[in-house]
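Report on one structure; see the data block that follows.
The values are calculated or read from the model by the stated rules, or taken from the named source; none is laboratory data. Since this is a predicted model, take the numbers as computed values, not measurements. When we count neighbours, we look across all protein chains shown, and the Cβ atoms used for this are built from the backbone with ideal geometry, even at glycine. Calculation scope for accessible area: heavy atoms of the full protein, side chains included, ligands and nucleic acids excluded. Shrake-Rupley method; radii C 1.70, N 1.55, O 1.52, S 1.80 Å.
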Amino acid sequence: MSEKFKALVVNQNGEDFTREIQSLDKSFLKHGDVLVKVEYSGLNYKDALILKNGAKLVKEFPHIPGIDFSGTVVESENKNFKTGDQIILTGRRVGEIYFGGYSQLAKVNGDFLVKKPESISLRQAMILGTAGITALTCAFTTKQAREELLLGEKVEDVVVTGASGGVGSIAVMILNKLGCNVTAVTGKDSNNEYLKEIGAKTITKTSDLDKEARPLDKGLWDGAVDTVGGSMLSKVLSHIKQNGIVAAVGNASGIKLNTTVMPFIIRGVKLWGIDSVHTSTKRRQFLWDEASKLIDFDLLEKSIKEVNLEELLNIFPKMLEGKTSGRYIVNLNK
Ligand SMILES: NC(=O)c1ccc[n+]([C@@H]2O[C@H](COP(=O)([O-])OP(=O)(O)OC[C@H]3O[C@@H](n4cnc5c(N)ncnc54)[C@H](OP(=O)(O)O)[C@@H]3O)[C@@H](O)[C@H]2O)c1
């Protein structure tokens, strides 16, 4: 690659924000000790918010967004990485307070990086991205944490809310693969066929569950992955059977949680918060190593759209308006 490289730069002029594909020099990259040739990045909702106006997460402009990327090390001053290593980066506030992956070259702190397992490609790593690694964390929390860590009963019936979303759909797939009967909660009938295809046994409409909760309701599930929050999470908690674990991961419908202590003190339900941004490198490496065993990439491929940086500029406003579906990955060589 020549010394110059292409990147998407967001800038602030007073109240206004601009986005431009620029040809930059390596000296523009100011953070970190490992230089990476980026192959793929992703488009998460958080990326779309940052592209719009920094989302109050970006502290300094000009800024290069992109919270996830995969690529190959070209220079390293970090003892754990050498030229040619293939790496994955998700979260760690890269693309927020540090320059991110919407760039053909990225410089990051090597301690943030994970070595890509041989069993998946750089492209597959970004098909998963933050959504995938979060879904893996949720599935292990809901099932393995009870069965292996707490030495509890087998987890059979589980529910996933916001099931057609990035995190939800991958959680459905993994929990099915782990042998659970998965109930997928979704707002749109048009999602039903896809959800069945990726492993949902039962489909429940969001409107049937997003209602005021009683302190305790009929025990339906041994565990849950909730990406929706708000009244949906209260309702899910009231339906969890004895000793179930609920992974609280998102707030797609709201941040308030109106519940009682009853599910916790009568049924021993555990509410387990998921934070994928600050997950340790050791845990990330474990999760990425597990990915190929639990993910059917051929199935996921059906919902993947690959775009370049120019196309990304047209797509992100649509995501913010709720007019996109499936996952977008960004090819930095396209
Ligand atoms: N804690 C973490 O580390 C972490 C990491 C990644 C993401 N997240 C959070 O997890 C949530 C899901 O992320 P994602 O990437 O999967 O987002 P996404 O792709 O936009 O999916 C969210 C899904 O939630 C459902 N939904 C949206 N608005 C809703 C509403 N008002 N009421 C009920 N359901 C609604 C929809 O599912 P249906 O179409 O199936 O109804 C939608 O597809 C977000 O809140 C995100 O910020 C957290």
Residues that are touching a Lys or Arg at 6+ places or on another chain (Cβ under 9 Å) and charged (D, E, K, R), drawn from segment 103-142: LYS107, ASP111
From ILE255, ILE245, which residue is within 11 Å of the ligand (Cβ to nearest atom) and in contact with a strand residue (DSSP E or B) (Cβ under 7 Å, 6 or more places away or on another chain)? ILE255
Taking into account only those residues within segment 294-334 that are surrounded by 16 or more Cβ atoms within 10 Å (Cβ to Cβ), within 12 Å of the ligand (Cβ to nearest atom) and not hydroxyl-bearing (Ser, Thr, Tyr), which is nearest to GLU39 (Cα to Cα)? ARG327
Helices (runs of 4 or more DSSP H) wholly inside segment 147-253 that include at least 1 residues being open to solvent by 30 Å² or more (accessible area, probe 1.4 Å) and among the β-branched types (Val, Ile, Thr): 166-177, 206-209
Segment 66-113, residues that are within 16 Å of the ligand (Cβ to nearest atom) and farther than 21 Å from ARG284 by Cβ: none
When LEU57 is run through (1) open to solvent by less than 10 Å² (accessible area, probe 1.4 Å); (2) within 16 Å of the ligand (Cβ to nearest atom); (3) without any contact (Cβ under 8 Å) to a residue 60 or more places away in the chain, the failure sits at (1)
Taking LYS318 as meeting all but one of (1) closer than 21 Å to GLY100 by Cβ; (2) outside any helix (DSSP H, G or I), write down the number of the exception. (2)
Selection status of SER70, under 15 Å from LEU309 (Cβ atoms) and assigned to a strand (DSSP E or B): no
Taking SER76 as the residue in question, decide whether it is out of contact with any helix residue (DSSP H, G or I) (no Cβ under 6 Å at 6 or more places or on another chain), among the hydroxyl-bearing types (Ser, Thr, Tyr), open to solvent by 10 Å² or more (accessible area, probe 1.4 Å) and more than 24 Å from TYR328 (Cα to Cα). yes
